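Asker: Let me give you the structure first, and then I'll get to my questions.
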There are 4 protein chains.
Amino acid sequence: MFFLVENRRHFASDNNAGICPEAIAAIARWNTGHVPAYGSDSVTVKAQSIIQDIFETDCSSYFVFNGTAANSLAVGSFCDRQDAVLCHRYSHIETDECNAPGFLNPGLKVIAVEGTKGKIQPDLLNAKLAGSREIHASQPRVLSLTNTTELGTLYRPQEIGQLCELAKGRNVAVHVDGARFANAVASSRSSPAELSWKAGVDVLVFGGTKNGLAFGEAVIFFEKHASKRFLYRMKQAGQLASKLRFLAAQWLGILENGRWISYAEHANAMARRLNDLLRTIPSVEIPFPCEGNAVFAHLPEPVVTGLHRMGWRFYSDVGPGGGSRLMCSWDTTPEDVDQFGADIRRLCNDGYA
Amino acid sequence: MFFLVENRRHFASDNNAGICPEAIAAIARWNTGHVPAYGSDSVTVKAQSIIQDIFETDCSSYFVFNGTAANSLAVGSFCDRQDAVLCHRYSHIETDECNAPGFLNPGLKVIAVEGTKGKIQPDLLNAKLAGSREIHASQPRVLSLTNTTELGTLYRPQEIGQLCELAKGRNVAVHVDGARFANAVASSRSSPAELSWKAGVDVLVFGGTKNGLAFGEAVIFFEKHASKRFLYRMKQAGQLASKLRFLAAQWLGILENGRWISYAEHANAMARRLNDLLRTIPSVEIPFPCEGNAVFAHLPEPVVTGLHRMGWRFYSDVGPGGGSRLMCSWDTTPEDVDQFGADIRRLCNDGYA
Amino acid sequence: MFFLVENRRHFASDNNAGICPEAIAAIARWNTGHVPAYGSDSVTVKAQSIIQDIFETDCSSYFVFNGTAANSLAVGSFCDRQDAVLCHRYSHIETDECNAPGFLNPGLKVIAVEGTKGKIQPDLLNAKLAGSREIHASQPRVLSLTNTTELGTLYRPQEIGQLCELAKGRNVAVHVDGARFANAVASSRSSPAELSWKAGVDVLVFGGTKNGLAFGEAVIFFEKHASKRFLYRMKQAGQLASKLRFLAAQWLGILENGRWISYAEHANAMARRLNDLLRTIPSVEIPFPCEGNAVFAHLPEPVVTGLHRMGWRFYSDVGPGGGSRLMCSWDTTPEDVDQFGADIRRLCNDGYA
Amino acid sequence: MFFLVENRRHFASDNNAGICPEAIAAIARWNTGHVPAYGSDSVTVKAQSIIQDIFETDCSSYFVFNGTAANSLAVGSFCDRQDAVLCHRYSHIETDECNAPGFLNPGLKVIAVEGTKGKIQPDLLNAKLAGSREIHASQPRVLSLTNTTELGTLYRPQEIGQLCELAKGRNVAVHVDGARFANAVASSRSSPAELSWKAGVDVLVFGGTKNGLAFGEAVIFFEKHASKRFLYRMKQAGQLASKLRFLAAQWLGILENGRWISYAEHANAMARRLNDLLRTIPSVEIPFPCEGNAVFAHLPEPVVTGLHRMGWRFYSDVGPGGGSRLMCSWDTTPEDVDQFGADIRRLCNDGYA
């Protein structure tokens, strides 16, 4: 078999990137001796402690393997089997999890709410919240927001606060899918606390994978009562790592030194650089504001084809309107952006458009 | 907070050990550029190919995060919701998974079969297999064996073959929980093929974590038809890593160079060294043959207390009869064994017994 | 406690009606001696045989307790856990089952499709069918139609045929929720076969409760292979009656003598009588054609209040546009309709409108 | 097809019997006019009120379709997904429900406890209760007793009290599977209250089917807090009858007039009559005391064959030791018993033994 791993970056997804050097170094750093399994080790405790510092509150945090499980188990912690989660039509838990929320929380229903630019429209949320609570309908129990959103946009603290207020008025808890929470913090210039519990969020999935780790998302409960059985749920769902220290260690690698935020700032800056560049090309249309590490762009179909032929990888039919989604990562370089932008410009100019 | 990670090894569990250097090196080695997520990358393909070489057959393999999920999803691949898995009374899926098999395969029932030394007794299996198949009973569909067993013993190829024959005669598939499969291969001096598909095994969970990896078990289907929806099940159960190459890379790190078997041979040798040492102490009783990397020993209660006071970590009430379980790992040293053995001997001699 | 059962009929739901005399007589008729439980009795076999006669084909039928279970287990018979059911936005399994389909078929997702008058629009169905089949999305495996629909309209054989053709082109099975199948047969003047398997339907839930029985829906598989484990699923889901003969007997009571169709014709005729009557009142708007036993009407709000004050029971905020739903039953009399209509007319005339 | 329903009674099961005349009469009695569906009707309320009278307490009761669902949903009301139910090795939920408890309560594990004569042995229960509560094990949350037991024996109030005390000491709730609760009341000469909440029982499934109804079991919560979501669970599990009044009406038919207890007394008397008769036959061995409506007997194998050839129906390999189980019903007559007994005696005497 011909076997090649190319040393090149693309714009397909921030989960196509590798691991940041600090995460690898931390794995090696804490690879000493035997420690208790399943989280009863000092590396895990230290990582949990730093998360409390960063969020400026006494929260409970848990490290699980991936986002599918993190978000599913997090929302399910507030739900009984007849309950429902309200989320945006384009949210990951609605469209991209093969119904993991309903599988890992048997009986749970995911109900989609509309809104432009990937963000839930408050009055439409309110209508769903005010809907029937009788015996035949799934009962709304969690509102799930994604920040930054699947369309690369940002919920600012006051927007989160407004939605949380509507939810809380109906005894509905609030979850944030923060696969790109670091990007949201970097973009909003708000603090982690302002983007979460201070705005009313009860549980946050803080994404590590897209922030430079190999695996691992932190599930952070600000409403600690809801987490009391979370370890059991992790165990039963196959999400309790025996060598948990090596999930926690990766977090230590980026949390202690502030890398988690500087990498996100960098990815966001690369996205803005690409966004600014594309805005100068007349045949390219940008449907959503660039508020994170994603750029959405309507490229002429032959340009998409041409770019793919040149070997560039990116998704070309994403979200409402079906544009191309161009993701930047912690490791995207200005040269990557400039080369990709130049190729787009050339193909557009060459009459492909 | 006082924060200490001690650089010391214990006998509590092979999952308390760290990561072997080859696994870390492999993570770094394949950490280049962007690659497709979810297993569509050449690192994963290469690891799958090497597994085919090692097992000398055209098997399908999948890399999941941990053993709970690996075993649950593996057995469930053969089952509909009214089906049952037969396993040993002391098997992990019966006693230590918080009913993950029944949760990740809704409706599935785990049914325990008896047998001495952690191994299923053929005639008792046959009685369960011959039991009622009417509408009110869960239907046996999978026989699950653990090799090496939870009591540190070994199923040899002919023993597996005999149980497989009974199972196959009732249209029951055979699964092996190989959390310590490498130890079984090393101990039996049989080939991986002889201990699996050649004996009749349909699916094997080949454990990486206890073999020196940070995370990751390989689910290897010899009956490939049963795996056709496995990727969906991984996805839905939160077991499909986006950066899957970093699970696969760790396997490359120990498979290509034969480390998987040499580490297991080493751990087994350390267990035999400890076993031999304990056999010379009159007040210590060894209830099961040492055929893997575990030693079971009945130590006088004051000796157990004394060892724990000295800082040694190990479980002291495991299995039938409730003896101490002493596990050796890929990183256990002869000095560790000798020091631990000397401490036991001294406590026994000091009149603690 | 003051205890009153009034001897009066309403327009709230056909499940508020009592039992037809033929069903009670049949229960008494077959209440002789001891018979085997769980369906191995000759009453059940006889009812299954008559269903084959009525549907003119070699179908497999099963009697379960209610519609929630009947529809959930029927669609689930074609599905694995990563699959999805496509149904109309206003269908019962989407809006009124507290997510029973997703609970009784763990992992299953219900996906809504739009269309006017309660009927799925073919091109919108096709778009859903043609959607992504990759690993992250639930996989469409069943199309579920309701006939007559929740909005009181009818799918005619050719409409069903067209939707079935689209589904079958994508390897998607077709289910009909026939809670009011008898009304559809009566309304369409087609045969049961033409409204089901001849049009491409794989499984039909033939509703008995709204047709005059106390309990009991028949799940009729035309694609018999899909039913091979149905008895197990009934058993495990708590839907296998021990005294099954008393579900089957009720069916015998209305099938042998054609009552099932004459009662439905009667209920439909009562709905048309009410519909015709309301059409003569200027302030009443009828949004959907009356093609079954339901009339939807936009009544002035004070008229709704006035009718409720007079003791009439009906739902007043149902479906798109939120009109009143007025259901007729097997036992609705012309006098009931005329009195109800007269009250509506009087309230409208009295300036309530 | 040749079609015969024989007017004859057997000893196979009390669920092979028909419906008592009072239940049919009550269905007809309450079959008047339209009433609200799903339990919001006065017939249901009246039946619930009478149950409170009979049990002399302010309990919450619900009518579901069958025992599989009743017991599964009842135990699940106390459990989260990592929890376990402890029950006797020969209990119905362990052996005869196709794992419905684990299916209708996803994640739940049923754990068997031993004990002679179908009754849990207190010290063995205590050992299970005292077992590990760590993260890897299912957590005992419910103790389930069956009364009368599957082996025809009786728990008396003090025996229940003793087991409840052990359970309560570990924060474990107590459920009684009372498929034959009426027989237990009749046999024990205790009151319903003494056999349930006064002894510490939290939820009782009071069986109607084996007491003479067509369908329907009453789930009676004495610990009312646990029932707060029970209607949702009934709905989602397909156990909420739309025409619920016809389950409740049957209960009215036997509760108001005391028939529930007189039928049970009769069935018990018939069992004692059979028991006394069999005790006079030397080749018949009676392994368990006759304390309900069942007689267990070891009949010589040729006698079993001979009886089956004569057309008698009964199960001949039930429980430990595999004897014949001979069930009496509300409709068993002294002549049935005498004729059956005479046939047994004759076969035994004829040298079949």
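The values are calculated or read from the model by the stated rules, or taken from the named source; none is laboratory data. Because the structure is a prediction, the values reported are computed rather than measured. Cβ atoms come from the backbone with ideal geometry, glycine included; neighbour counts cover every protein chain shown. Just so you know, the surface numbers come from the protein's heavy atoms only, side chains and all, with ligands and any DNA or RNA stripped out. Shrake-Rupley method; radii C 1.70, N 1.55, O 1.52, S 1.80 Å.
Asker: Restricting attention to the range C:222-243, which residues are part of a loop (DSSP other than H, G, I, E, B) and either more than 11 Å from chain D (Cβ to nearest Cβ) or not aliphatic (A, V, I, L, M) (or both)? Give the derivation first.
Answerer: Going through the range C:222-243, the residues part of a loop (DSSP other than H, G, I, E, B) turn out to be C:222-223, C:228-229, C:237-243.
Hits for the range C:222-243 are C:Phe222, C:Glu223, C:Lys228, C:Arg229, C:Gly238, C:Gln239, C:Ser242, C:Lys243.
Asker: I'm checking my understanding of the structure. Among residues of the range A:74-85 that are more than 13 Å from chain B (Cβ to nearest Cβ) and in a loop (DSSP other than H, G, I, E, B), which one is least open to solvent (accessible area, probe 1.4 Å)?
Answerer: Only one residue fits best here, namely A:Gln82.
Asker: Checking the conditions here, which among B:Ala264, B:Ala214 is in a loop (DSSP other than H, G, I, E, B), farther than 22 Å from B:Gly319 by Cα and of a type in the set (Gly, Ala, Ser)?
Answerer: Sole residue among the options that is in a loop (DSSP other than H, G, I, E, B), farther than 22 Å from B:Gly319 by Cα and of a type in the set (Gly, Ala, Ser): B:Ala214.
Asker: Can you tell me which residue within the range A:98-119, out of those that are open to solvent by less than 10 Å² (accessible area, probe 1.4 Å) and in contact with a His (Cβ under 7 Å, 6 or more places away or on another chain), is farthest from the other protein chains (Cβ to nearest Cβ)?
Answerer: A:Gly118
Asker: A:Ser13 is checked against (1) farther than 29 Å from A:Ser190 by Cα; (2) at the interface with chain B (Cβ under 7 Å from one of its Cβ atoms); (3) surrounded by fewer than 22 Cβ atoms within 10 Å (Cβ to Cβ) and fails just one. What number does that condition carry?
Answerer: For A:Ser13, the failing item is (1).
Asker: Within the range C:86-96, track down each residue that is assigned to a loop (DSSP other than H, G, I, E, B) and either surrounded by fewer than 22 Cβ atoms within 10 Å (Cβ to Cβ) or in the same structural domain as C:Val318 (by TED's automatic domain parsing) (or both).
Answerer: Filtering the range C:86-96 for residues assigned to a loop (DSSP other than H, G, I, E, B) gives C:89-91, C:96.
Once the filter is applied, which keeps residues that are assigned to a loop (DSSP other than H, G, I, E, B) and either surrounded by fewer than 22 Cβ atoms within 10 Å (Cβ to Cβ) or in the same structural domain as C:Val318 (by TED's automatic domain parsing) (or both), the range C:86-96 yields C:Arg89, C:Tyr90, C:Asp96.
Asker: Looking for something among the polar types (S, T, N, Q) and open to solvent by 20 Å² or more (accessible area, probe 1.4 Å) - is there at least one such residue anywhere in the range B:284-301? Give the steps one after another, and end with the answer.
Answerer: First, pick out the residues of the range B:284-301 that are among the polar types (S, T, N, Q): B:293.
Going one step further and asking which of them are open to solvent by 20 Å² or more (accessible area, probe 1.4 Å), we end up with none.
The answer is no, given that none of the residues of the range B:284-301 is among the polar types (S, T, N, Q) and open to solvent by 20 Å² or more (accessible area, probe 1.4 Å).
Asker: So, of the residues in the range A:327-353 that are under 27 Å from the mean Cα position of the chain (by Cα) and in a loop (DSSP other than H, G, I, E, B), which turns out to be surrounded by the fewest Cβ atoms within 10 Å (Cβ to Cβ)?
Answerer: Result: A:Thr333.
Asker: Starting from residues that are part of a loop (DSSP other than H, G, I, E, B) and not charged (D, E, K, R), keep the ones in the range B:305-326 and report whichever is farthest from the chain's Cα centre (by Cα). Spell out the reasoning first.
Answerer: Taking the range B:305-326 as the starting set, the residues that turn out to be part of a loop (DSSP other than H, G, I, E, B) are B:310-314, B:319-322.
Still in the list and also not charged (D, E, K, R): B:310-312, B:314, B:319-322.
Values: B:Met310: 29, B:Gly311: 27, B:Trp312: 23, B:Phe314: 18, B:Gly319: 16, B:Pro320: 19, B:Gly321: 22, B:Gly322: 20 Å.
The selected residue is B:Met310.
Asker: Additional query: Inside the range D:40-61, can you point out the residues that are within 7 Å of another protein chain (Cβ to nearest Cβ) and under 29 Å from C:Met327 (Cα atoms)?
Answerer: Initially, the range D:40-61 is screened for residues within 7 Å of another protein chain (Cβ to nearest Cβ), giving D:42-43, D:46, D:49.
D:Ser42, D:Val43, D:Lys46, listed by residue number.
Asker: Scan the range B:268-278 and tell me whether some residue there is more than 23 Å from the chain's Cα centre (by Cα) and open to solvent by 30 Å² or more (accessible area, probe 1.4 Å).
Answerer: Yes, the range B:268-278 has at least one match.
Asker: Take the conditions surrounded by fewer than 23 Cβ atoms within 10 Å (Cβ to Cβ) and among the polar types (S, T, N, Q) and apply them to B:Thr57. Does it pass? Before you say what the answer is, go through the steps one by one.
Answerer: Details: surrounded by fewer than 23 Cβ atoms within 10 Å (Cβ to Cβ): yes; among the polar types (S, T, N, Q): yes.
Spelling it out, B:Thr57 is indeed surrounded by fewer than 23 Cβ atoms within 10 Å (Cβ to Cβ) and among the polar types (S, T, N, Q).
Asker: Determine, yes or no, whether C:Ser227 is among the hydroxyl-bearing types (Ser, Thr, Tyr) and within 16 Å of C:Gln48 (Cα to Cα). If you could, list the steps in order and put the result at the bottom.
Answerer: On the way: among the hydroxyl-bearing types (Ser, Thr, Tyr): yes; within 16 Å of C:Gln48 (Cα to Cα): yes.
For C:Ser227, the condition - among the hydroxyl-bearing types (Ser, Thr, Tyr) and within 16 Å of C:Gln48 (Cα to Cα) - is met.
Asker: When C:Ser316 is evaluated against the numbered criteria (1) at pLDDT 95 or above; (2) over 30 Å from C:Ile24 (Cβ atoms); (3) polar (S, T, N, Q), which criterion, by number, is the only one it fails?
Answerer: The single condition C:Ser316 does not satisfy is (1).
Asker: Condition first: of a type in the set (Ser, Thr, Tyr) and either open to solvent by less than 20 Å² (accessible area, probe 1.4 Å) or touching a Cys at 6+ places or on another chain (Cβ under 6 Å) (or both). Now tell me which residues in the range A:191-204 satisfy that. I'd like the intermediate steps shown before the answer.
Answerer: Taking the range A:191-204 as the starting set, the residues that turn out to be of a type in the set (Ser, Thr, Tyr) are A:191, A:196.
Listed by number, the list holds a single entry, A:Ser196.
Asker: Can you go through B:Gly131, B:Gly152 and tell me which one is under 29 Å from B:Asn268 (Cα atoms) and open to solvent by less than 40 Å² (accessible area, probe 1.4 Å)?
Answerer: Values: B:Gly131 fails: under 29 Å from B:Asn268 (Cα atoms).
Criteria check complete, one pass: B:Gly152.
Asker: Looking at A:Ala249, A:Ala271, A:Ala297, can you tell me which residue is part of a helix (DSSP H, G or I), more than 10 Å from every other protein chain (Cβ to nearest Cβ) and modelled with pLDDT of 95 or more?
Answerer: Values: A:Ala249 fails: more than 10 Å from every other protein chain (Cβ to nearest Cβ); A:Ala297 fails: part of a helix (DSSP H, G or I).
From the options A:Ala249, A:Ala271, A:Ala297, the qualifying one is A:Ala271.
Asker: For A:Ile261, are the conditions met, namely being open to solvent by less than 60 Å² (accessible area, probe 1.4 Å) and within 29 Å of A:Arg89 (Cα to Cα)?
Answerer: On the way: open to solvent by less than 60 Å² (accessible area, probe 1.4 Å): yes; within 29 Å of A:Arg89 (Cα to Cα): yes.
When the stated conditions are applied, A:Ile261 passes them.
Asker: In addition: Quick one: which residue in B:Thr68, B:Thr32 is open to solvent by 20 Å² or more (accessible area, probe 1.4 Å), of a type outside the set (A, V, I, L, M) and within 7 Å of another protein chain (Cβ to nearest Cβ)?
Answerer: Exactly one residue qualifies, and that residue is B:Thr32.
Asker: To continue, here is another question. Name, by its number, the condition in (1) open to solvent by less than 10 Å² (accessible area, probe 1.4 Å); (2) within 27 Å of C:Ile111 (Cα to Cα); (3) within 14 Å of another protein chain (Cβ to nearest Cβ) that does not hold for C:Lys210.
Answerer: The single condition C:Lys210 does not satisfy is (1).
Residue by residue, here is whether (1) over 30 Å from A:Asp331 (Cα atoms); (2) under 23 Å from the mean Cα position of the chain (by Cα); (3) more than 12 Å from chain A (Cβ to nearest Cβ) holds:
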position: B:Asn7; (1), (2), (3): yes, no, no
position: B:Gly18; (1), (2), (3): no, yes, no
position: B:Glu22; (1), (2), (3): no, yes, yes
position: B:Ala28; (1), (2), (3): no, no, no
position: B:Tyr38; (1), (2), (3): no, no, no
position: B:Phe63; (1), (2), (3): no, yes, no
position: B:Ser72; (1), (2), (3): yes, yes, no
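Asker: Condition (residue is within 24 Å of the chain's Cα centre (by Cα), assigned by TED's automatic domain parsing to the domain that holds B:Gln239 and modelled with pLDDT under 95) applied to the range B:99-108: is it met by at least one residue?
Answerer: Pass one, the range B:99-108, residues within 24 Å of the chain's Cα centre (by Cα): B:99-106, B:108.
Those left that are additionally assigned by TED's automatic domain parsing to the domain that holds B:Gln239: B:99-106, B:108.
Next, from what is left, pick out any that are modelled with pLDDT under 95: none.
Scanning the range B:99-108 turns up no residue that is within 24 Å of the chain's Cα centre (by Cα), assigned by TED's automatic domain parsing to the domain that holds B:Gln239 and modelled with pLDDT under 95.
Asker: Now, a different point. Which residue out of A:Val75, A:Val64, A:Val45 is farther than 18 Å from A:Asn105 by Cα and either assigned by TED's automatic domain parsing to the domain that holds A:Ala249 or among the hydrophobic types (A, V, I, L, M, F, W, C) (or both)?
Answerer: Details: A:Val75 fails: farther than 18 Å from A:Asn105 by Cα; A:Val64 fails: farther than 18 Å from A:Asn105 by Cα.
Of A:Val75, A:Val64, A:Val45, the one residue that is farther than 18 Å from A:Asn105 by Cα and either assigned by TED's automatic domain parsing to the domain that holds A:Ala249 or among the hydrophobic types (A, V, I, L, M, F, W, C) (or both) is A:Val45.
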